[in-house]
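Remarks on the structure that follows.
The values are calculated or read from the model by the stated rules, or taken from the named source; none is laboratory data. In this text the structure is predicted, and so the values were computed from the model without any measurement. In this analysis, Cβ positions are derived from the backbone assuming ideal geometry, glycine residues included, and neighbour counts consider all displayed protein chains. Keep in mind that these areas ignore ligands, DNA and RNA; they rest on the heavy atoms of the full protein, side chains included. Shrake-Rupley method; radii C 1.70, N 1.55, O 1.52, S 1.80 Å.
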Amino acid sequence: MIRVLKKDWFYSCCLFLLSVLLTVGCTGVNFGSREVTSNRPTASSSEITTATTERTNALRDRIGQISQAAQGRVGMTATVLESGESVSLNGNQHFPMQSVYKLPISMAVLNQVDRGNLKLDQKIRIEASDIVQGSQVLDENSQGKEFSLSELLQYMVSKSDNTACDVLLRLIGEPQRVTEYLSSLGINDIVVANTEKELAQDSTVQYRNSATPDAAVVLLRTLYEGRGLSKTSQALLLQWMTEAQTGLKRIKGLLPEGTVVAHKTGTSSTVNGVTAATNHVGLVTLPSGQHLAIAVFVSNSQATDVIREEVIAKVARAAWDEWSR
(Lines give C-alpha, C1' and ligand atoms only; values in the text may rest on other atoms or scores of the structure.)
Protein backbone atom coordinates (compact mmCIF):
# COMPACT_ATOMS: atom_id res chain seq x y z
CA MET A 1 0.00 0.00 0.00
CA ILE A 2 2.75 2.38 0.94
CA ARG A 3 4.63 1.54 -2.26
CA VAL A 4 1.50 2.31 -4.34
CA LEU A 5 1.13 5.70 -2.65
CA LYS A 6 4.78 6.51 -3.29
CA LYS A 7 4.38 5.53 -6.90
CA ASP A 8 1.26 7.71 -7.32
CA TRP A 9 3.08 10.60 -5.62
CA PHE A 10 6.01 10.19 -8.00
CA TYR A 11 3.74 10.27 -11.09
CA SER A 12 1.96 13.38 -9.75
CA CYS A 13 5.26 15.20 -9.29
CA CYS A 14 6.33 14.29 -12.80
CA LEU A 15 3.06 15.60 -14.25
CA PHE A 16 3.44 18.86 -12.25
CA LEU A 17 7.00 19.41 -13.44
CA LEU A 18 5.99 18.68 -17.02
CA SER A 19 3.19 21.24 -16.71
CA VAL A 20 5.63 23.87 -15.40
CA LEU A 21 8.09 23.24 -18.20
CA LEU A 22 5.38 23.55 -20.82
CA THR A 23 4.19 26.80 -19.27
CA VAL A 24 7.69 28.24 -19.24
CA GLY A 25 8.20 27.13 -22.80
CA CYS A 26 5.03 28.88 -23.90
CA THR A 27 5.99 31.97 -21.99
CA GLY A 28 9.37 31.91 -23.67
CA VAL A 29 7.65 31.89 -27.06
CA ASN A 30 5.56 34.86 -26.06
CA PHE A 31 8.67 36.84 -24.99
CA GLY A 32 10.22 35.84 -28.29
CA SER A 33 7.23 37.26 -30.11
CA ARG A 34 7.57 40.48 -28.13
CA GLU A 35 11.23 40.70 -29.01
CA VAL A 36 10.41 40.36 -32.69
CA THR A 37 7.81 43.11 -32.30
CA SER A 38 10.20 45.43 -30.41
CA ASN A 39 13.03 44.76 -32.82
CA ARG A 40 11.41 46.44 -35.76
CA PRO A 41 13.94 48.41 -37.80
CA THR A 42 14.91 51.68 -36.03
CA ALA A 43 17.26 54.47 -36.98
CA SER A 44 20.81 53.95 -35.76
CA SER A 45 22.67 56.74 -33.98
CA SER A 46 24.73 57.32 -37.13
CA GLU A 47 21.54 57.68 -39.20
CA ILE A 48 20.12 60.16 -36.70
CA THR A 49 23.36 62.16 -36.74
CA THR A 50 23.35 62.20 -40.54
CA ALA A 51 19.74 63.41 -40.62
CA THR A 52 20.51 66.15 -38.09
CA THR A 53 23.59 67.23 -40.05
CA GLU A 54 21.58 67.40 -43.26
CA ARG A 55 18.94 69.57 -41.58
CA THR A 56 21.62 71.84 -40.14
CA ASN A 57 23.32 72.17 -43.52
CA ALA A 58 19.98 72.97 -45.15
CA LEU A 59 19.31 75.64 -42.52
CA ARG A 60 22.79 77.12 -42.99
CA ASP A 61 22.25 77.22 -46.76
CA ARG A 62 18.92 78.96 -46.24
CA ILE A 63 20.55 81.54 -43.96
CA GLY A 64 23.33 82.04 -46.48
CA GLN A 65 20.77 82.81 -49.19
CA ILE A 66 18.94 85.27 -46.91
CA SER A 67 22.24 86.99 -46.06
CA GLN A 68 23.02 87.85 -49.68
CA ALA A 69 20.47 90.67 -49.56
CA ALA A 70 22.59 92.49 -46.96
CA GLN A 71 25.27 93.31 -49.55
CA GLY A 72 27.89 92.98 -46.87
CA ARG A 73 29.37 90.48 -44.43
CA VAL A 74 26.93 88.55 -42.26
CA GLY A 75 27.76 86.38 -39.28
CA MET A 76 25.31 84.47 -37.13
CA THR A 77 25.12 81.71 -34.57
CA ALA A 78 21.98 80.23 -33.07
CA THR A 79 21.84 77.52 -30.39
CA VAL A 80 18.98 75.83 -28.58
CA LEU A 81 20.41 76.01 -25.08
CA GLU A 82 18.63 72.96 -23.69
CA SER A 83 19.45 70.57 -26.55
CA GLY A 84 22.68 72.01 -27.91
CA GLU A 85 21.38 72.02 -31.50
CA SER A 86 23.15 74.80 -33.34
CA VAL A 87 23.78 76.50 -36.66
CA SER A 88 26.44 79.02 -37.55
CA LEU A 89 27.52 81.15 -40.51
CA ASN A 90 30.89 82.91 -40.17
CA GLY A 91 30.44 82.28 -36.46
CA ASN A 92 34.15 82.50 -35.64
CA GLN A 93 34.75 85.80 -37.44
CA HIS A 94 35.00 89.10 -35.57
CA PHE A 95 32.42 91.85 -36.12
CA PRO A 96 32.15 95.37 -34.66
CA MET A 97 29.61 95.21 -31.80
CA GLN A 98 28.52 98.82 -31.46
CA SER A 99 25.89 98.93 -28.67
CA VAL A 100 25.72 95.15 -28.33
CA TYR A 101 28.75 95.71 -26.10
CA LYS A 102 26.41 97.27 -23.53
CA LEU A 103 25.26 93.76 -22.63
CA PRO A 104 28.65 92.58 -21.33
CA ILE A 105 29.16 96.02 -19.76
CA SER A 106 25.90 95.65 -17.83
CA MET A 107 26.95 92.19 -16.65
CA ALA A 108 30.31 93.50 -15.46
CA VAL A 109 28.64 96.33 -13.52
CA LEU A 110 26.10 93.99 -11.93
CA ASN A 111 28.92 91.66 -10.95
CA GLN A 112 30.43 94.58 -9.00
CA VAL A 113 27.05 95.05 -7.32
CA ASP A 114 27.03 91.38 -6.37
CA ARG A 115 30.51 91.77 -4.90
CA GLY A 116 29.38 94.70 -2.77
CA ASN A 117 31.58 97.25 -4.54
CA LEU A 118 28.56 99.10 -5.96
CA LYS A 119 24.93 99.46 -4.91
CA LEU A 120 21.87 99.65 -7.12
CA ASP A 121 20.39 102.53 -5.11
CA GLN A 122 23.55 104.62 -4.93
CA LYS A 123 23.32 108.02 -6.63
CA ILE A 124 25.65 109.06 -9.43
CA ARG A 125 26.00 112.64 -10.59
CA ILE A 126 26.05 113.24 -14.34
CA GLU A 127 28.84 115.64 -15.25
CA ALA A 128 29.01 117.76 -18.39
CA SER A 129 31.98 115.68 -19.51
CA ASP A 130 29.84 112.54 -19.39
CA ILE A 131 27.29 113.67 -21.96
CA VAL A 132 27.52 111.81 -25.27
CA GLN A 133 25.78 113.35 -28.25
CA GLY A 134 22.79 111.40 -29.52
CA SER A 135 21.95 109.79 -26.17
CA GLN A 136 18.34 108.66 -25.93
CA VAL A 137 17.73 109.75 -22.32
CA LEU A 138 20.65 111.52 -20.67
CA ASP A 139 21.35 114.60 -22.79
CA GLU A 140 22.59 118.10 -21.97
CA ASN A 141 19.58 118.64 -19.73
CA SER A 142 20.79 115.83 -17.47
CA GLN A 143 24.13 117.36 -16.46
CA GLY A 144 24.38 118.20 -12.80
CA LYS A 145 21.56 115.78 -11.92
CA GLU A 146 21.79 112.54 -9.96
CA PHE A 147 20.50 109.14 -10.98
CA SER A 148 20.57 105.78 -9.24
CA LEU A 149 22.84 103.07 -10.52
CA SER A 150 19.75 100.98 -11.27
CA GLU A 151 18.31 103.77 -13.44
CA LEU A 152 21.55 104.11 -15.39
CA LEU A 153 21.66 100.37 -16.05
CA GLN A 154 18.08 100.37 -17.24
CA TYR A 155 18.69 103.36 -19.53
CA MET A 156 21.75 101.66 -21.01
CA VAL A 157 20.13 98.25 -21.58
CA SER A 158 16.51 99.08 -22.43
CA LYS A 159 17.08 102.36 -24.28
CA SER A 160 20.72 101.92 -25.30
CA ASP A 161 21.66 105.27 -23.78
CA ASN A 162 25.27 106.21 -24.56
CA THR A 163 25.77 108.66 -21.68
CA ALA A 164 24.64 106.04 -19.15
CA CYS A 165 27.08 103.59 -20.74
CA ASP A 166 30.08 105.92 -20.33
CA VAL A 167 29.15 106.79 -16.74
CA LEU A 168 28.98 103.10 -15.86
CA LEU A 169 32.31 102.43 -17.55
CA ARG A 170 33.78 105.26 -15.47
CA LEU A 171 32.42 103.67 -12.31
CA ILE A 172 34.07 100.30 -12.86
CA GLY A 173 37.37 101.86 -13.91
CA GLU A 174 37.87 101.40 -17.64
CA PRO A 175 36.47 99.43 -20.60
CA GLN A 176 39.19 96.80 -20.33
CA ARG A 177 37.75 95.72 -16.97
CA VAL A 178 34.78 94.34 -18.90
CA THR A 179 37.04 92.25 -21.12
CA GLU A 180 38.82 90.96 -18.02
CA TYR A 181 35.47 90.01 -16.46
CA LEU A 182 34.50 88.12 -19.62
CA SER A 183 37.83 86.30 -19.62
CA SER A 184 37.17 85.18 -16.05
CA LEU A 185 34.01 83.52 -17.37
CA GLY A 186 35.91 81.78 -20.16
CA ILE A 187 34.68 84.14 -22.89
CA ASN A 188 37.70 85.23 -24.90
CA ASP A 189 36.37 86.47 -28.25
CA ILE A 190 34.57 89.60 -27.04
CA VAL A 191 36.67 92.75 -26.70
CA VAL A 192 35.46 95.92 -24.96
CA ALA A 193 38.13 98.57 -25.47
CA ASN A 194 36.54 102.03 -25.81
CA THR A 195 33.91 104.39 -24.46
CA GLU A 196 30.90 105.59 -26.46
CA LYS A 197 32.44 109.04 -26.70
CA GLU A 198 35.58 107.56 -28.27
CA LEU A 199 33.45 105.57 -30.70
CA ALA A 200 31.63 108.76 -31.73
CA GLN A 201 34.87 110.65 -32.32
CA ASP A 202 36.51 108.06 -34.60
CA SER A 203 34.50 105.59 -36.66
CA THR A 204 37.47 103.24 -37.07
CA VAL A 205 37.56 102.63 -33.31
CA GLN A 206 34.38 100.56 -33.49
CA TYR A 207 36.28 97.69 -35.09
CA ARG A 208 38.35 97.33 -31.91
CA ASN A 209 35.21 96.61 -29.88
CA SER A 210 34.42 93.31 -31.53
CA ALA A 211 32.83 89.94 -30.98
CA THR A 212 32.31 86.70 -32.86
CA PRO A 213 28.75 85.41 -33.16
CA ASP A 214 29.91 82.23 -31.43
CA ALA A 215 31.19 84.19 -28.44
CA ALA A 216 28.03 86.29 -28.30
CA VAL A 217 25.96 83.12 -27.99
CA VAL A 218 28.29 81.84 -25.26
CA LEU A 219 27.67 85.16 -23.47
CA LEU A 220 23.91 84.67 -23.79
CA ARG A 221 24.22 81.12 -22.44
CA THR A 222 26.30 82.42 -19.54
CA LEU A 223 23.59 84.96 -18.73
CA TYR A 224 20.81 82.38 -19.08
CA GLU A 225 22.60 79.97 -16.76
CA GLY A 226 23.32 82.76 -14.26
CA ARG A 227 27.08 82.27 -14.25
CA GLY A 228 28.99 85.30 -13.02
CA LEU A 229 25.83 86.95 -11.66
CA SER A 230 23.55 86.52 -8.67
CA LYS A 231 19.96 85.40 -9.30
CA THR A 232 18.74 88.92 -8.49
CA SER A 233 21.11 90.55 -10.97
CA GLN A 234 20.32 87.97 -13.63
CA ALA A 235 16.57 88.56 -13.24
CA LEU A 236 16.96 92.34 -13.43
CA LEU A 237 19.08 92.21 -16.56
CA LEU A 238 16.74 89.78 -18.34
CA GLN A 239 13.81 92.02 -17.42
CA TRP A 240 15.51 95.11 -18.86
CA MET A 241 16.44 93.20 -22.02
CA THR A 242 12.88 91.96 -22.46
CA GLU A 243 11.55 95.50 -22.04
CA ALA A 244 13.99 96.92 -24.61
CA GLN A 245 12.24 98.85 -27.39
CA THR A 246 15.14 99.07 -29.84
CA GLY A 247 15.39 96.94 -32.96
CA LEU A 248 11.85 95.58 -32.86
CA LYS A 249 11.99 94.83 -36.61
CA ARG A 250 15.07 92.66 -36.24
CA ILE A 251 14.99 89.37 -34.28
CA LYS A 252 11.38 89.95 -33.21
CA GLY A 253 10.28 91.28 -36.60
CA LEU A 254 8.87 88.07 -38.09
CA LEU A 255 8.31 86.00 -34.95
CA PRO A 256 4.77 85.28 -33.73
CA GLU A 257 3.22 88.11 -31.75
CA GLY A 258 3.80 87.72 -28.05
CA THR A 259 7.08 85.82 -28.41
CA VAL A 260 9.31 86.64 -25.44
CA VAL A 261 12.71 87.94 -26.50
CA ALA A 262 15.39 89.33 -24.17
CA HIS A 263 17.64 91.26 -26.54
CA LYS A 264 20.23 93.94 -27.24
CA THR A 265 20.89 95.82 -30.47
CA GLY A 266 23.91 97.57 -31.93
CA THR A 267 23.91 100.00 -34.86
CA SER A 268 26.51 102.25 -36.43
CA SER A 269 26.04 105.32 -38.59
CA THR A 270 26.11 105.05 -42.38
CA VAL A 271 29.12 106.62 -44.09
CA ASN A 272 29.33 106.94 -47.88
CA GLY A 273 26.53 104.43 -48.28
CA VAL A 274 28.16 101.79 -46.09
CA THR A 275 26.87 100.79 -42.64
CA ALA A 276 29.58 99.22 -40.49
CA ALA A 277 27.28 97.47 -38.02
CA THR A 278 23.64 96.40 -37.79
CA ASN A 279 23.49 93.84 -35.01
CA HIS A 280 21.11 92.03 -32.73
CA VAL A 281 21.57 89.37 -30.05
CA GLY A 282 18.93 87.78 -27.88
CA LEU A 283 17.34 84.94 -25.97
CA VAL A 284 14.15 83.75 -27.67
CA THR A 285 11.62 81.58 -25.85
CA LEU A 286 10.45 78.82 -28.20
CA PRO A 287 6.91 77.33 -28.13
CA SER A 288 8.35 74.25 -26.39
CA GLY A 289 9.61 76.40 -23.53
CA GLN A 290 13.20 75.90 -24.63
CA HIS A 291 15.42 78.91 -25.33
CA LEU A 292 17.15 79.94 -28.53
CA ALA A 293 20.28 82.05 -28.09
CA ILE A 294 20.90 83.92 -31.32
CA ALA A 295 23.40 86.51 -32.51
CA VAL A 296 23.26 88.16 -35.95
CA PHE A 297 25.89 90.67 -37.08
CA VAL A 298 25.65 92.55 -40.41
CA SER A 299 28.85 94.43 -41.23
CA ASN A 300 29.97 96.83 -43.97
CA SER A 301 26.60 96.63 -45.68
CA GLN A 302 25.50 98.68 -48.66
CA ALA A 303 21.84 97.73 -48.20
CA THR A 304 19.19 100.06 -46.80
CA ASP A 305 18.13 100.12 -43.15
CA VAL A 306 14.94 98.25 -44.04
CA ILE A 307 16.76 95.46 -45.86
CA ARG A 308 19.43 95.03 -43.17
CA GLU A 309 16.78 94.66 -40.48
CA GLU A 310 14.77 92.36 -42.72
CA VAL A 311 17.80 90.10 -43.15
CA ILE A 312 18.13 89.76 -39.37
CA ALA A 313 14.40 89.10 -39.04
CA LYS A 314 14.45 86.41 -41.74
CA VAL A 315 17.50 84.71 -40.23
CA ALA A 316 15.79 84.63 -36.82
CA ARG A 317 12.60 83.28 -38.40
CA ALA A 318 14.50 80.52 -40.20
CA ALA A 319 16.00 79.37 -36.91
CA TRP A 320 12.58 79.64 -35.22
CA ASP A 321 10.94 77.52 -37.90
CA GLU A 322 13.64 74.85 -37.63
CA TRP A 323 13.35 74.41 -33.87
CA SER A 324 9.65 75.05 -33.41
CA ARG A 325 8.54 71.93 -35.32
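How much accessible area per residue does region 180-325 have, counting only protein heavy atoms and a probe of 1.4 Å, in square angstrom?
Heavy-atom SASA per residue in region 180-325 reads 42 Å².
If amide H atoms are built 1.01 Å from N in the plane of the peptide, which residues on other chains or at least 5 residues away come under 5 Å of the amide H of residue 91?
76
Can you list the HN-Hα couplings for region 79-91, worked out from phi with the Karplus curve (6.51, -1.76, 1.60; θ = phi - 60°), rounded to whole Hz and with x for Gly and Pro?
With the stated coefficients, region 79-91 comes to 9, 7, 4, 6, 9, x, 4, 8, 9, 8, 10, 6, x Hz.
At 10 °C and 1.306 mPa s, what whole-number value in µm²/s does Stokes-Einstein give for the translational diffusion of region 154-309, with Rh from the Kirkwood sum over Cα pairs?
Taking Rh from Cα pairs, D becomes 96 µm²/s.
Where the accessible area of region 197-318 is counted over protein heavy atoms with a 1.4 Å probe, how much of it, in %, is carbon and sulfur?
51 percent
If the chain between residue 188 and residue 306 were fully stretched, how many nm would it gain, using 0.36 nm times the residue separation less the Cα-Cα distance?
39.2 nm
Highest mean first, what order results for 101-113, 215-227, 196-208 on Cβ atoms within 10 Å?
My ranking of the peptides, most packed first, is 101-113, 215-227, 196-208.
Hey, can you rank 168-181, 274-287 by average C-beta count inside 10 Å, highest first?
So the peptides 168-181, 274-287, ranked by packing, come out 274-287, 168-181.
Which aspartates and glutamates, on any chain, are close to residue 145 with Cα under 17 Å apart, when same-chain ones fewer than 8 places away are left out?
121, 127, 130, 161, 166
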